[in-house]
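> I'd like to ask you about the structure that follows.
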Amino acid sequence: DQLDTILAAKKLRVAIDLAVPPYSMKDDKLKLIGSDVETAQLMARDFGLELEVIPTTLTNRVPYLQTNKADVVVSAFSITPERAKVIDFSVPYAPILVVVGAPKGMKIDSPADLAGKKVIATRGTTNDQELTKVAPPSATITRFDDDATSMTAMVSGQAEVWVTSPMLLQVVNEKNPARNIESKFTLKANLLAVGLRKGETRLKDKIDHWVRENLRNGQLNAIYRKYHHAELPPDILAAGR
Amino acid sequence: MSTVVELQSVHKRFGNNHVLRGVSFAVRRGEVVAIIGKSGSGKSTALRCINRLEQIDEGQISVCSHAVHADGLDLRTLRRDVGIVFQSYNLFPHLTVLQNITLGPTAVKRMPAAQANTLAQDVLTRVGLSDKAQAYPEQLSGGQQQRVAIARSLAMQPQLMLFDEVTSALDPELTGEVLKVMEQMAAEGMTMILVTHEMGFARRVADQVIFMHQGQVWEQGGPDILDQPATAELRQFVGTGL
Amino acid sequence: MSTVVELQSVHKRFGNNHVLRGVSFAVRRGEVVAIIGKSGSGKSTALRCINRLEQIDEGQISVCSHAVHADGLDLRTLRRDVGIVFQSYNLFPHLTVLQNITLGPTAVKRMPAAQANTLAQDVLTRVGLSDKAQAYPEQLSGGQQQRVAIARSLAMQPQLMLFDEVTSALDPELTGEVLKVMEQMAAEGMTMILVTHEMGFARRVADQVIFMHQGQVWEQGGPDILDQPATAELRQFVGTGL
Amino acid sequence: MSHEQFLSLLQGAWGTLLLSTLTLTLGAVLGLSLALARVSPRRAVRRLASGWMQLIQGTPLLVLMGVCFYGPALLGVGTVEALPAATSAMVIYASAFLGDIWRGCIQAVHKSQWEAAECIGLTRWQRMRMIVLPQALRMATPPTVGFAVQVIKNTSVASLVIGFAELSYNAKVLNNSTFQPFLYFGGAALLYFAMCYPLSRWSRVLERKLHVHRG
Amino acid sequence: MHYQFDFSSVAAHWPLLLQGAWTTVQLSFVATLLGFMLGASCAVASGSRHRWLRALVAGYIEVIRNTPLLIQCYFLIFGLSSVGATLPIMTGAVLALVINIGAYTCEIVRAGIESIHHGQIEAGQCLGLSPLQVLWHVVLQPAVERVWPALTGQFVLMMLASSILSSVGAEELLGVANRVQSDTFRNFEVFLVLWVVYLVLSWLMRAGFWLLGQLVFTRRRKLGTPL
Ligand SMILES: Nc1ncnc2c1ncn2[C@@H]1O[C@H](COP(=O)(O)OP(=O)(O)OP(=O)(O)O)[C@@H](O)[C@H]1O
Ligand SMILES: Nc1ncnc2c1ncn2[C@@H]1O[C@H](COP(=O)(O)OP(=O)(O)OP(=O)(O)O)[C@@H](O)[C@H]1O
Ligand SMILES: [Mg+2]
Ligand SMILES: [Mg+2]
């Protein structure tokens, strides 16, 4: 049983992609920060365990669980039906929005308006999947391995439309104000949860309980506010009750 | 008979190595000249200077009325007039015998392919290899390769042929084949300069024998100088053979 | 005198190429045998069969009472008794002359290093190269390299020495050096088989001359067969030289 | 670039060097065995070795990394850490290429050298050890050093699959947090160049020396 | 742990994987063609009399050979578009591959050229061939024939290495495979499929090079011996 192994090792191995701002990133002093990072830290502390961060990449999050390279994944992990077939999710602890960002002058109100546009997304994310589902055939989709490369493509003018989270659109505007990117519409609202191996019910119960507890006591909300400058939406908080 | 080649006090240095120290001689049309001498005496270098594979430092060389070492010389017209055959054949290994021979005529003289092929067959017959046109060099014996090399030069219809120890890589029998071809060319009136170790051959076909020693023409004359050497050096050189 | 080497109707094929077609001859202790013949007549192959660098297809070879082509043969003891020297020297380029020579005695015969060195100096003196022990092969002339190759074989104190055209890569002067060493070995009573193009040398030192033609022993006898050939083939072969 | 960030790049370079060194030393041992197997008198051994080498040489390093990283867990043997997984993938990859390079060098030692050694009575192993390998080694040095450059650069693949912290990975992490690609990737490129260029140079010098030797 | 392999959901994505493999083939084909031309030209230029030309080629080769392909792609694709010269991603990717393989080809072809005996060049000159004719008939053709196996190996490596281009947006085999992975979460199955497809591709590429070699190098076809 995973929980017993964890408790015996006195160590919680959490897989995180180290570079998905603002969920996880390094500050100037190379300290690991971000909302997912603090969530993981809080969880380990509450469980009385030492936290071991296992660096991973977005595409590798599921295999890391499957091959037992980590106990849990806390890394911008949205709940999707496909994923739920192969791994288990805890109750959601935060939301994530998938928005379509483009320059101010461009008229885009719905997926149909993406026709003929150069659209980019980060490969293997739910953003990519949602986009691929709704994009008209004439849209050229280009995919990069990580947000940073997608960002570089946006900043350098390789693409005009980016399907991503609102936070990252802001960063593009900071880097290159001339591009004048704004969020056009929300493609999907996803729920983020802690991912764990299938069938570990005792561990799942413990984590579910922990998430509810910390939604109730406001700790998770505080973390979210610190990095996303917004409050957790009511549907998430509802889970805590 | 007119003079085809003339060297006038030619000097050549490789760095500090003074290889040719004032070499002069002349070759008339239709003449066969054999150059003999010890290893390192400058025979090959002299030959290579004649068709400007090497630059000279002093002196003058004229070949078929080209001033070989003048600045404005058109190298390609010089080389149309002068054929050279090396000890190591230097056939092009990736081309058939026929292609080796037609390359010069077609690429340099812009001869139509059909005409070049006829010409090639013609020279191949002269060297006794008319059945080897489609073979590749590595399929031929050394003697056959050397004869193809001669045919390749002949196909350019040169006025002068240079031979640099063309038989020393061959065994006696193959040597015989090649010498026969050369003897026949001499009989047909080709002007030839040959560096050779084959004293017997030199005796038989040469009109003039030049003995080089330490970068100089040490002794010169008809083939009879091999039997009555005037200098001690030539006497010793002729004596070393078995 | 006892028989050291005996070939009995030896056959050898390379694929479809029937190279040795029933070769038989015998060599007695102390005898010098010269094998001559055209290129491709199977001289080298015969020699290589004698110390089993090639396998034979039919017939028998015995060398110093080893049945050379029997299955149970201990190759290493055969090779202690037979030394071979090639046209291309085949010295080990990464070893000094001394190391080239001592390698066999120390690695094969387990001779102590000091004794091997003395032996090496000894054989080097015999070939006239006692001052070159520390040189590397590439620092030596062709004739010197060939003499080191002979010394390397001598150091194994063989009962029989095989030489395959050991002088044909050398110019006349260097050839002389090597032949002198071989002549001296013959005088000292070494049993030797030599493939050679040097008719003069064969005449002078050979007790027996074997003329090979198309994979067979075509003519055989004392050196006088070179002057009075019985067959047309040998007559032609001897006649091609100049 | 802050002081810490620069240090992080240097640390990455250290990871790259560590992985490369491990790869080359272990790969050399395995590669030599493969090279010897390729010239073995036994046909089956030769076939096996050459089949193995072709398999590896037709596989992207990326896939090898995946196999070494996830494979053991899938087979139920247990999990492997990033460094051992990356090292084993790199060693398998390097040994196939080194084996090929060295086989070429062994075969380039002229057959007459084998024969000469045979004629003075050396055993097969003595011939290999005393005559062929020393000569092959001399020829093998330049291409081997050249290959070391490939190894150093290809360690970057380790981060793509395994997340092993080498130079590209650290540059990517820095960039992903700060979004200044040209600064960090430029810095990484310079560090790669600093590690690889001396080796390339050296390999070339060796090569030239060798040609002079051959005359 | 024991993992249950299940290829059905991966198999369902076969058109996508096929399309990725096709992109890889196209990328490699164009890069091979152009890279060979660039490399051969550089090899010739590196024997030029002009010092600056030699220095230029040497610099190009050193920079390319001593930095990773990924970083080169990055600079080419995003660097160029930062200064306003925006290339389509695929064009940039091909260009990066060409520049990369060109440097290696140059080294190999140069070795081939250096292996041509000087006597061959002299023989060509003595026939009166112009320098360009000597280069083409006497030097380049046998040089390329001689290094053909090395070139084959290098180009197969390039095809395998082109998988890196997925990181900079090329939708080639690996990129597509990564998408299939995140759709199906059958990472291991995808990996195995990927392995087999790359093996087949590299085998096909070797076969293609061999065939081309047989076609172009008549001597080799007829005699079967290396030059
Ligand atoms: N390219 C070169 N560079 C430097 N020295 C050279 C060159 N070619 C020839 N030499 C030197 O010039 C001298 C004469 O050489 P050359 O080849 O003309 O002699 P040779 O009479 O033809 O001898 P051989 O009979 O051995 O062919 C020799 O000392 C040789 O070392
Ligand atoms: N290893 C081999 N494989 C195939 N054929 C061979 C081999 N060695 C020799 N031959 C062939 O065997 C025949 C005899 O060769 P061998 O070397 O014995 O002749 P040779 O009399 O020594 O000639 P040369 O005077 O040229 O050295 C030739 O036709 C040759 O092509
Ligand atoms: Mg000469
Ligand atoms: Mg022979």
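The values are calculated or read from the model by the stated rules, or taken from the named source; none is laboratory data. Bear in mind the structure is a predicted one, so any value in this text is a computation, not a measurement. All Cβ positions, even for glycine, are placed from backbone atoms using ideal geometry, and neighbour counts span all protein chains on display. In case anyone asks, the SASA skips ligands and DNA or RNA and just uses the protein heavy atoms, side chains included. Shrake-Rupley method; radii C 1.70, N 1.55, O 1.52, S 1.80 Å.
> Compute the Cα gyration tensor for the protein assembly as shown, then decide on rounded, prolate or oblate, letting a ≥ b ≥ c be the square roots of its eigenvalues: rounded whenever a/c is under 1.5, prolate when a/b is larger than b/c in the other cases, and oblate in all that remain.
Prolate shape, in that a/c is at least 1.5 and a/b is the bigger ratio.
> Taking θ = phi - 60°, what integer Hz values does the Karplus form 6.51 cos²θ - 1.76 cosθ + 1.60 yield along segment E:74-86, in sequence order, with x for Gly and Pro?
Using θ = phi - 60°, the values come out as 4, 5, 5, 6, 8, x, 4, 6, 5, 9, x, 9, 7 Hz.
> Treat every Asp and Glu Cβ in the protein assembly as shown as -1 and every Lys and Arg Cβ as +1, leave all other atoms uncharged, and give the resulting dipole magnitude about the Cα centre to the nearest 20 debye. Can you show the working numbers first?
Numbers: 107 positive and 94 negative charges, 231 e Å.
That gives a dipole near 1100 debye.
> Work out the FRET efficiency for C:K180 and D:V45 from their Cβ-Cβ distance, taking R0 = 41 Å, and round it to the nearest 0.05.
Computed FRET efficiency for C:K180 and D:V45 comes out at 0.25.
> Out of all DSSP beta bridges with both ends in chain B, state the antiparallel percent to the nearest 5.
For chain B, the DSSP antiparallel bridge percentage is about 55.
> Here is a follow-up. Please list, in order along segment B:39-52, the HN-Hα scalar couplings obtained from phi with the Karplus expression 6.51 cos²θ - 1.76 cosθ + 1.60 (θ = phi - 60°), rounded to whole Hz, x for Gly and Pro.
With coefficients 6.51, -1.76 and 1.60, one gets 4, x, 7, x, 4, 4, 4, 4, 4, 5, 5, 5, 10, 6 Hz.
> Can I ask one more? Take the Cβ-Cβ distance between A:A9 and A:Q219 as r, set R0 to 25 Å, and report the resulting FRET efficiency rounded to the nearest 0.05.
Approximately 0.50, to the nearest 0.05.
> How much accessible area does B:H69 have with a 1.4 Å probe, in Å² rounded to the nearest 10?
40
> Normalising by the residue count of segment E:11-223, find the relative contact order in percent from Cα pairs under 8 Å and 6+ residues apart.
The normalised contact order for segment E:11-223 reaches 28 percent.
> Okay, next question. Kyte-Doolittle mean at least 1.0 and Cα extent at least 18 Å along the axis: which DSSP H helices of chain E qualify?
The qualifying helices are E:14-45, E:89-115, E:187-216.
> Report the local net charge at D:D100: Lys and Arg +1, Asp and Glu -1, summed over other residues whose C-beta lies under 14 Å from its C-beta.
On the way: positive: D:R38, D:R46, D:R103, E:R206; negative: none.
Result for the neighbourhood of D:D100: +4.
> Per residue in segment D:172-195, which ones lose no less than 50 Å² of accessible surface when going from chain alone to all protein chains (1.4 Å probe)?
D:V173, D:N176, D:S177, D:F179, D:F182, D:F185, D:F193
> Buried accessible area for the E:A pair, summed, 1.4 Å probe, in Å² rounded to 100?
2100
> Let me check I've understood the local charge: for A:L65, count other residues with C-beta under 12 angstrom from its C-beta, Lys and Arg +1, Asp and Glu -1. What total comes out?
Taking every other residue near A:L65 into account, the sum is +3.
> Quick check: at a probe of 1.4 Å, how many percent of the accessible area of segment C:58-125 sits on carbon and sulfur atoms?
For segment C:58-125, the apolar C and S fraction of the accessible surface comes to 50 percent.
> At R0 = 45 Å, how high is the FRET efficiency between B:F14 and C:S39 if r is their beta carbon distance? Nearest 0.05 is fine.
After rounding, the FRET efficiency stands at 0.80.
> Putting +1 on Lys and Arg Cβ atoms and -1 on Asp and Glu Cβ atoms, find which of E:A170, E:T86, E:S130 reaches farthest to the positive end of the dipole of segment E:11-223.
Checking the options against the dipole of segment E:11-223, the answer is E:S130.
> What accessible area per residue, rounded to a whole number of Å², is obtained for segment E:94-179 using a probe radius of 1.4 Å?
28
> Right, another one. Can you list the cysteines of the protein assembly as shown that have no other Cys Cβ under 4.7 Å away?
Singleton cysteines: B:C49, B:C64, C:C49, C:C64, D:C68, D:C105, D:C119, D:C196, E:C73, E:C126.
> So with the 1.4 Å probe, I'd like the accessible area per residue for segment B:71-139, rounded to whole Å². Please list the in-between numbers first.
On the way: 2960 Å² over 69 residues.
Per residue, segment B:71-139 has an accessible area of 43 Å².
> Still on this structure: Interface size between chain D and chain A, please: total buried accessible area, 1.4 Å probe, rounded to the nearest 100 Å². Please report the intermediate quantities before stating the final value.
Values: alone 12180 and 11230 Å², together 21400 Å².
Roughly 2000 Å².
> Identify the trypsin sites (Lys or Arg not before Pro) of segment A:70-171 meeting these criteria: DSSP loop state and at most 14 other C-beta atoms within 10 Å of the C-beta.
Passing both the DSSP loop test and the Cβ count: A:K104, A:K107.
> Chains D and E: how much accessible area gets covered up at their contact, both sides added, probe 1.4 Å, in Å² to the nearest hundred?
Using a 1.4 Å probe on protein heavy atoms, the buried area is about 3000 Å².
> Here's a follow-up. Just check chain E against the gyration tensor rule for me: Cα atoms, a ≥ b ≥ c as the square roots of the eigenvalues, rounded for a/c under 1.5, and otherwise prolate or oblate depending on whether a/b exceeds b/c.
Oblate, since a/c reaches 1.5 and b/c is not below a/b.
> B:V4's amide H: which non-local residues (gap 5+, or another chain) put their own amide H closer than 5 Å, with H modeled 1.01 Å from N in plane and none for Pro or chain starts?
It is B:V27, B:R28, B:R29, by chain and number.
> Quick one: which bits of segment E:189-220 get at least 50 Å² less accessible when the partner protein chains are in, versus the chain alone, with a 1.4 Å probe?
By number: E:F191, E:W195, E:L199, E:R219.
> Once amide H atoms are placed 1.01 Å from N in the peptide plane, what residues at a sequence separation of 5 or more from B:H213, or on another chain, have their amide H within under 5 Å of its amide H?
It is B:W218, by chain and number.
> How much length is gained if the chain between B:Q159 and B:S24 is pulled fully straight, taking 0.36 nm per residue apart and subtracting their Cα-Cα distance, in nm to one decimal?
Result: 46.6 nm gained on full extension.
> Return one number: the angle in degrees, 0 to 90 and rounded to the nearest 10, between the long axis of the Cα atoms of helix A:35-47 and the longest principal axis of the Cα atoms of chain A.
10
> Taking only Cα atoms, what is the 0 to 90° angle, nearest 10, from helix A:201-216's long axis to the longest principal axis of chain A?
Approximately 70 degrees, to the nearest 10.
> Ignoring any ligand, DNA or RNA, what whole percent of the accessible area of segment E:131-227 comes from carbon and sulfur when the probe is 1.4 angstrom?
The computed percentage sits at 74.
> Decide, for chain D, between rounded, prolate and oblate: order the square roots of the alpha carbon gyration tensor eigenvalues as a ≥ b ≥ c, take rounded if a/c falls under 1.5, and otherwise choose prolate if a/b is larger than b/c, else oblate.
oblate
> Residue by residue through segment C:93-99, what is 3J(HN,Hα) from phi via Karplus (6.51 cos²θ - 1.76 cosθ + 1.60, θ = phi - 60°)? Round to whole Hz and write x for glycine and proline.
Going residue by residue, I get x, 8, 10, 6, 4, 4, 5 Hz, with x marking Gly and Pro.
> Now a separate question. Mind checking the angle between helix B:113-126 and chain B's longest principal axis? C-alpha axes, 0 to 90 degrees, to the nearest 10.
The two axes meet at around 50 degrees.
> Would you grab the residues whose amide H sits under 5 Å from the one on A:A94? Only those 5+ places off in sequence or on another chain, please, with H modelled 1.01 Å from N.
So A:A94 has HN proximity to A:L192.
> To the nearest 20 debye, what charge dipole does segment D:81-129 have about its Cα centre, counting +1 at the Cβ of each Lys and Arg and -1 at the Cβ of each Asp and Glu?
200
> So, one more: Do any residues of segment C:212-242 lose at least 40 Å² of accessible area when the full set of protein chains is present rather than just their chain alone, and if so which, with a 1.4 Å probe?
C:T240, C:L242
> Tell me, what is the percent relative contact order of chain A, built from C-alpha pairs under 8 Å that lie six or more residues apart?
25
> Treating the beta-carbon of each Lys and Arg as +1 and of each Asp and Glu as -1, no other charges, what is the dipole magnitude of segment B:122-242 about its Cα centre, to the nearest 20 debye?
It works out to roughly 160 debye.
> Considering only protein heavy atoms, what per residue accessible area in square angstrom results for segment D:70-215 with a 1.4 angstrom probe?
That works out to 38 Å² per residue.
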